[in-house]
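J.: Quick one: the structure is below, questions incoming.
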Amino acid sequence: MRISEMYAPTLREVPAEAEVISHKLMLRAGFIRKAAGGMYTYLPLALRVLKKIEQIVREEMDKAGAQELLMPIVQPAEIWQESGRWSVYGDEMFRLKDRHNREFCLGPTHEELVTTLIRADVRSYRQLPLNVYQIQNKYRDERRPRFGLMRGREFIMKDSYSFDRDEAGLDVAYNKMYDAYTNIFSRCGLNFRPVEADSGAIGGSGSHEFMAIADSGEAEIVYCEKCQYAANVEKAELFPLEAAAEEMQALKEVETPNCKTIEAVCEFLHLPVVKSVKAVAFKSEKGLILCFVRGDHEVNEIKVANACGVPEVEMAPEEMLTAAQTVGGFMGPVGMDTTKTIVLIDNTVMKMHNVCCGANKVGVHYVNANPERDFKATIVADIRLMQEGDPCPHCGAPVKVARGIEVGQVFKLFTKYSSALKATYLDEAGKEQPMVMGCYGIGVSRTMAAAIEQYNDKDGIIWPVSIAPYAVIVVPVQMKDAVSVAKAEEVYQQLCQAGIETVIDDRDERPGVKFKDADLIGYPLRVVVGPKGLAEGKLEVKARKTGSVEMVDLDSQYIDKIKSLLAAL
Ligand code: ATP
Ligand code: MG
């Protein structure tokens, strides 16, 4: 490819709307252009990267025994009504009607479609196991599309679905996918970590997320350096922290005027925050949920929803608090009617002694409250977010916290969809059984963004060779020097013939402009051909990643030399 002909419009200015580095660089380097919020055109360079990632995904999926197919993006409402998700999916689903007023959606995911497909074609245990995948645009009307390709409303996903006779079969399928994902993200050059993920109502250790480590990631993960434990904070389990034994004191009301936060209350009363209990109120389909955690701890909404058996929770409005005879800023568990309100107390709170908590009256708190004596809970559970330094649930060592970008997820569905959609098979005894399913997703377009988040510098992108749009750029530096221009052309042709994906910057531009663009786009190797080097029979080869420059002899071995420089990156 000749740069003079390439459609890769680079920009000098950093576009104002871009917050994260991958978004900025993809706009500046001419990889993407916005069509609407969360929807982008992939320009030729981006498409090459996506195709490379897709190729790696295909090879690893095929190797793991999954078979590629392609389902429609537009899906009929009926199958979603049958599974019960048409009404619960909410505003994230793009819905449309055809000319006959029939309802459809743009697929946000394909469990319904694949399950109804397989149920029609698979009858016997002999046809199982089966694992199918596709690579396709997905549509989710995200509340906050942002960060360019990281959270789009149209994005490319690889999704696969496994069908087995039983849980033992599902375990095999799941482990194969887990290993394939490990290979895929390694081959893409990412620094990633598989972490235990929340599996919602299904529970158990039925899901892992593959997190690309990056400060810009929207997910928070915890990991232990002593053992192999790693989890999404949403999922990370916490055992109750023990508090030193103390004699119970008499419960006492105290005035805490104008103290709206737990920190303010503790400062006013000269108490350490660890001797306080704070409240967070949620609204749910089961009504008000009042949660209580230690003053310095944070509530984990996912754990709250799981503990109460509701799909999700949101902040409770003040009217709900008034109806429950309490008030924001002064909520406490003493005297709460646990039949009308779900009082959900964190397991660590129940170990505390002589604590301060709200008294459900404006400007009043209790001191010397003793949970085992004074608190009545509807549910006691682990509901807090793990923090840096909390004990690892496996080995007890203090955990570390990092941020990650979820690039993939593997999930045991068990019979959730096969039961709802009646996808059954006949077992060896001729008995009808629900198929046992798993689903596995990779954000292909998000993976491209994640790679840029990990590999960039002030000058631009630094592509891992395996997913770079091109491996090498040949730069003739003196366009007026016909000899070196002709030599550059020859080198370009020879590299292409040797199967190395190469571009030549044949534009009549100053070397500085060419170097800047080459760095911005992030070709792994830059080969400079100029009169100075040629005078000594040499090419100047610079690695984008390390910045190291090597003068390579322009002899019969030079292509092998470039290949080995690429392989070493
Ligand atoms: P998130 O929690 O980030 O919203 P998710 O858990 O809803 O993602 P899945 O349903 O597990 O996503 O989808 C599989 C993969 O698709 C994710 O691991 C992620 O890499 C990718 N993905 C999901 N939503 C988006 C999006 N809006 N834009 C780009 N990629 C996405
Ligand atoms: Mg996910």
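J.: Might you check whether a residue that is over 23 Å from the mean Cα position of the chain (by Cα) and aliphatic (A, V, I, L, M) occurs anywhere in region 12-28?
T.: Scanning region 12-28 turns up at least one residue that is over 23 Å from the mean Cα position of the chain (by Cα) and aliphatic (A, V, I, L, M).
J.: It is to be established whether one or more residues within region 88-104 are hydrophobic (A, V, I, L, M, F, W, C), at pLDDT below 95 and out of contact with any Ser or Thr (no Cβ under 8 Å at 6 or more places or on another chain).
T.: For region 88-104, residues hydrophobic (A, V, I, L, M, F, W, C), at pLDDT below 95 and out of contact with any Ser or Thr (no Cβ under 8 Å at 6 or more places or on another chain): present.
Here's the yes/no breakdown for (1) buried (at least 22 other Cβ atoms within 10 Å of the Cβ); (2) over 30 Å from Leu25 (Cα atoms); (3) touching a helix residue (DSSP H, G or I) at 6+ places or on another chain (Cβ under 7 Å); (4) touching a residue at least 60 places away in the same chain (Cβ under 8 Å):
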{"site": "Asp459", "(1), (2), (3), (4)": "no, no, yes, yes"}
{"site": "Pro469", "(1), (2), (3), (4)": "yes, no, yes, yes"}
{"site": "Gln494", "(1), (2), (3), (4)": "no, yes, yes, yes"}
{"site": "Gly499", "(1), (2), (3), (4)": "no, no, no, no"}
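J.: Of all residues being outside any strand (DSSP E or B) and of a type in the set (A, V, I, L, M) in region 126-154, which is surrounded by the fewest Cβ atoms within 10 Å (Cβ to Cβ)? Just the residue, please.
T.: Among them, the one singled out is Leu128.
J.: If Ala168 meets every condition in (1) crowded, with 19+ Cβ neighbours inside 10 Å; (2) more than 16 Å from the chain's Cα centre (by Cα) apart from one, which number is that one?
T.: (1)
J.: The conditions are (1) within 16 Å of ligand 2 (Cβ to nearest atom); (2) small (Gly, Ala, Ser); (3) modelled with pLDDT of 95 or more; (4) not in a strand (DSSP E or B), and Gly189 fails exactly one of them. Which is it?
T.: Just one mismatch for Gly189, condition (1).
J.: Going by the structure shown, is Lys260 over 28 Å from the mean Cα position of the chain (by Cα), buried (at least 16 other Cβ atoms within 10 Å of the Cβ) and either basic (Lys, Arg) or within 16 Å of ligand 1 (Cβ to nearest atom) (or both)?
T.: no
J.: Would you call Ser418 within 16 Å of ligand 2 (Cβ to nearest atom), in the same structural domain as Leu170 (by TED's automatic domain parsing) and crowded, with 16+ Cβ neighbours inside 10 Å?
T.: So Ser418 does not fit the description; no.
J.: Show me the helices (runs of 4 or more DSSP H) found entirely inside region 21-97 where at least 1 residues are closer than 18 Å to Ile467 by Cβ and within 16 Å of ligand 1 (Cβ to nearest atom).
T.: In region 21-97, the matching helices (runs of 4 or more DSSP H) lie at 21-28, 44-63.
J.: Now for a separate question. For the list (1) touching a strand residue (DSSP E or B) at 6+ places or on another chain (Cβ under 8 Å); (2) free of Cβ contacts under 8 Å to residues at least 60 places away in the same chain; (3) of a type outside the set (D, E, K, R); (4) part of a loop (DSSP other than H, G, I, E, B), I need the number of the one condition that Leu288 fails.
T.: (4)
J.: If only one of Lys538, Lys516 is within 20 Å of Leu11 (Cα to Cα) and charged (D, E, K, R), which one is it?
T.: Testing whether each residue is within 20 Å of Leu11 (Cα to Cα) and charged (D, E, K, R) leaves just Lys516.
The values are calculated or read from the model by the stated rules, or taken from the named source; none is laboratory data. Remember, it's a predicted structure, so these values are computed and weren't measured experimentally. Please note: Cβ atoms are built from the backbone with ideal geometry, for glycine as well, and neighbour counts cover all protein chains shown.
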